[in-house]
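The values are calculated or read from the model by the stated rules, or taken from the named source; none is laboratory data. None of the values given here were measured: they were computed from a predicted structure. Cβ: placed from backbone, ideal geometry, glycine included. Neighbour counts: every protein chain shown. Calculation scope for accessible area: heavy atoms of the full protein, side chains included, ligands and nucleic acids excluded. Shrake-Rupley method; radii C 1.70, N 1.55, O 1.52, S 1.80 Å.
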Amino acid sequence: MKLSLLSIASLLPVLALCAASKKRPSLEECLGKAKLSPVSSSSSSYKKDIEPFNTRINPTPAAVVFPNSAADVGAAVRCASAAGVPVSAKSGGHSYGSYGLGGLGGEDALVINLHAFRKIEVGKDGTAKVGAGSKLGDIALALNEKGLGVPHGTCPWVGVGGHTAFGGFGYAGRRNGLLVDSVTAFDVVLANGSVVAKLTAKKDKDLFWALKGSAQSFGIITNFYFKTFKTPRTVTTFNYVWDGTLSSRQAATLFAAWQAFGLKSAPPDLGITFTLFKPSRVEILGTYYGTPKQFATVIASLVRSMPKGYERTIKELNWIDSIKEHSGGVDLSTEGAADSQNNFVAKSLMTPAAKPLSRAAIDQYFDFLYNTKTTTNWFFETHLYGGKGSKINAVSLKDSSFAWRSSLFTFQMYTASPNYQPPFPSEGLSFIDDMYSSLVNPMKKTWGSTYGAYINYIDPRLSAKETIRLYWGGQYTRLSNLKAKYDPQAVFRNAQSIVPARKPKY
């Protein structure tokens, strides 16, 4: 009988309860001796410390610690390893699968909260040393003071840890690569609790490669070292909006024109997204790293294909204001503020540039979205990754373990409960699955194994086979072999992490 990761995960709480009397006291005793003040279910702050971003998935880890140094992190990892307890690191806590808290089946996990690691420094050579507990908004503000930037995403509250570990896309990505491509070194704690400072490819080529795309399966990063770039003086943000004015066929025609533009005409200085919000609000938005006059020339061919009835907003801004423009109205500084929560499920899709979506597939997708009823609040967004001169696709698979370097688009398909609070309706799960299938099924024969998924939009409901193929692709065999080398007992594990080539004894 074949079991999915979800099926296996559903059994883990039972197993954890059977073993709790042995594991949990020994774990807490070890953590106490290390003066790490573990927070457990009997602690007054436990409920607050385990609040998830996605309230659809609510793990109850064995303990939470808040280390202040890499040595503390190492001590915590050794305690968990000795107790046979899996370890999860929490950077910003925005994992769609709540993996910063252990995720599904993570009821016996030790959570290492990296909140204390928020220091951001810039060296004389422009290298930024960024603590793994830092949020993207705070990083943008700190680097901007030096006239510098890195190519990160738009949500200020996303933590740098998971965002970088699994790629890290932002509007500057086609111009400067994924955020993980800017990493020059790591400070990392390994599965045996040892601390490696400024790990580079020269120090350990295999481990460096694994960390650049799948870090959470190989260690706990305490600091990232990023190469930065001088921010452009002028940035143009744009948004074209059709609010309920397009039929499904018109929206599909616009998307087809947008795909053709992305394939042949979009320069690397253009970051651009196509979005559809329930029920029929279409937006084409993004950032151009240049002047509005230059942007007008770049976008002209796409504008000629746009149907009438849109509202247009174009702004000439500086670098930091362009980031604020796309932050959803949220202040970039997260210090002293409270994060939000949502109740949702998401799927993702990365489409191959060599085999664009057919018009038939596009029509079927938009017909489904326009005509299928659901109580949930949904949207999809499609980011242009590839196209002419994209730095994302210029990186070799040999340079990082990020699996997809020949994609044109990355889709995020997302739906939330009617009031954004629990419970999540079961029909929402079938809706998001059908949304995905309506686009993928017509293309499966054409694509074969050339399509994938973006792990930062993770779907915990995937089977083990789907997880491996969609998130890791052809990189998985090497990753599994390296996992057996660096973490043979799978200390760093969750329901969708890399599994060692040689089966560990938990």
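Could you order 324, 33, 373 so the one with the most accessible surface comes first? Probe is 1.4 Å.
On the way: 324 95, 33 155, 373 180 Å².
Putting 324, 33, 373 in descending order of accessible area: 373, 33, 324.
Could you compute the FRET efficiency for residue 445 and residue 388, with r as their C-beta to C-beta distance and R0 at 25 Å, rounded to 0.05?
Details: r = 28 Å, r/R0 = 1.11.
Once the sixth-power term is evaluated, E becomes 0.35.
When you count, for each residue, the other Cβ atoms within 10 Å and take the mean per peptide, how do 152-165, 245-258 rank with the highest first?
Values: 152-165: 25.4, 245-258: 18.8.
Packing proxy ranking, top to bottom: 152-165, 245-258.
³J(HN,Hα) across region 472-488 via Karplus (A = 6.51, B = -1.76, C = 1.60, θ = phi - 60°), whole Hz, x for Gly/Pro?
Coupling constants for region 472-488: 10, x, x, 7, 5, 4, 5, 4, 5, 5, 6, 4, 5, 7, 9, 8, x Hz.
Let me know the Rg and Dmax you get for region 377-506 when you use only its Cα atoms, in Å.
Calculated on Cα positions, Rg and Dmax stand at 17.0, 48 Å.
With charges set only on the Cβ (+1 for Lys and Arg, -1 for Asp and Glu), what does the dipole of the chain come to about its Cα centre, in debye to the nearest 20? Show your work: numbers first, answer last.
Working: 57 positive and 35 negative charges, 297 e Å.
So the magnitude is around 1420 debye.
Whole number in Å², please: accessible area per residue of region 322-405, 1.4 Å probe, ligands, DNA and RNA not counted.
On the way: 3470 Å² over 84 residues.
Normalised by residue count, the accessible surface of region 322-405 is 41 Å².
Which one, 59, 476, 286, projects farthest toward the positive side of the charge dipole computed for the chain from Cβ point charges (K/R +1, D/E -1)?
Positive-most Cα among the choices belongs to 476.
Nearest 10 degrees is fine. How inclined is helix 248-264 to the longest principal axis of the chain, computing both from alpha carbons?
Long axis of 248-264 versus the principal axis of the chain: about 80 degrees.
Using a 1.4 Å probe on the protein heavy atoms only, what accessible surface does residue 399 show? Give it in Å² to the nearest 10.
90 Å²
Quick one: pull the percentage of alpha-carbon pairs in region 82-173 with a separation above 17 Å.
Working: 2177 of 4186 pairs.
Within region 82-173, distances greater than 17 Å cover 52 percent of Cα pairs.
Bins of 5 Å, beginning at zero and ending with the bin holding the largest distance: percent of Cα pairs per bin for region 327-399, please.
3, 8, 13, 16, 14, 15, 15, 11, 4, 1
Let a ≥ b ≥ c be the square roots of the eigenvalues of the Cα gyration tensor of region 414-480; is it rounded (a/c under 1.5), or, if not, prolate (a/b larger than b/c) or oblate? All intermediate terms of the calculation are to be shown ahead of the outcome.
Working: a/c = 3.06, a/b = 1.60, b/c = 1.91.
It comes out oblate by the Cα gyration axes.
List the aspartates and glutamates whose Cα sits under 18 Å from the Cα of residue 124, skipping any in the same chain fewer than 8 residues away.
Leaving aside aspartates and glutamates fewer than 8 places away in the same chain, those within reach of residue 124 are 145.
Testing the spin-label approximation: label points 7 Å from Cα along Cα→Cβ at residue 355 and residue 245. State their distance in nm.
3.7 nm
Name the shape class, rounded, prolate or oblate, that the alpha-carbon gyration tensor gives for the chain, where a ≥ b ≥ c are the square roots of its eigenvalues, rounded holds for a/c under 1.5, and otherwise prolate holds if a/b is larger than b/c and oblate otherwise.
Values: a/c = 1.74, a/b = 1.42, b/c = 1.23.
Prolate, because a/c is 1.5 or more and a/b exceeds b/c.
Quick one: ranking 146, 202 by accessible area, 1.4 Å probe, largest first, what do you get?
Result, largest first: 202, 146.
For q = 0.13, 0.18 Å⁻¹, what log10 I(q)/I(0) does region 284-347 give under the Debye formula with an equal point scatterer on each alpha carbon and no solvent?
-0.58, -0.87
Carbon-plus-sulfur fraction of the accessible area of region 82-121, 1.4 Å probe, in percent? List each step's numbers first, then the result.
Numbers: 550 of 1090 Å².
Summing carbon and sulfur atoms, their accessible area is 51 percent of the total for region 82-121.
Given the rule -39500 (n - 2.57) for each run of at least 4 DSSP H residues, summed and divided by the residues of the chain, what is its mean residue ellipticity at 222 nm, to the nearest 500 deg cm²/dmol?
Working: 15 runs with 159 residues, N = 506.
Helix-only estimate at 222 nm: -9500 deg cm²/dmol.
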